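In what follows, a structure is listed as structure tokens, so that the remarks can point back to it.
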Amino acid sequence: MIIVSQDRKQVWNYDNLEEIFIPKEILNEENWCLKAQTLRGDVYILGYYKTEERVVKVLEEIINTYLSYASVKNLTGDIKTIHTIPSAYVMPKE
């Protein structure tokens, strides 16, 4: 599965990510972000959101998309044969 950044300028392969997380530090009360760390240790910002509730919801959406993708991939061995299961998560603008 791939994840497309909020600004649509970066794409990550979920299999190359070690962690997706909400940092403990926030820039201000209206600027929560979601970050990803690669297996090499590089850290990228996936997107910014106005509230903690929204950033948590986006993280849950990524988890649910990946679980759907992974369960079908494990059953069929080839995700391309199933057209109703997304193989990408595009970070929402807001």
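Remarks
- Answer from 26, 22 - the residue that is in contact with a strand residue (DSSP E or B) (Cβ under 9 Å, 6 or more places away or on another chain), more than 16 Å from residue 93 (Cα to Cα), modelled with pLDDT under 90 and among the β-branched types (Val, Ile, Thr): 26
- Filter pass, residue 51 being under 10 Å from residue 89 (Cα atoms), at pLDDT below 95 and in contact with a strand residue (DSSP E or B) (Cβ under 9 Å, 6 or more places away or on another chain): no
The values are calculated or read from the model by the stated rules, or taken from the named source; none is laboratory data. A quick note: this is a predicted structure, and the numbers were derived from the prediction, not measured. Cβ: placed from backbone, ideal geometry, glycine included. Neighbour counts: every protein chain shown.
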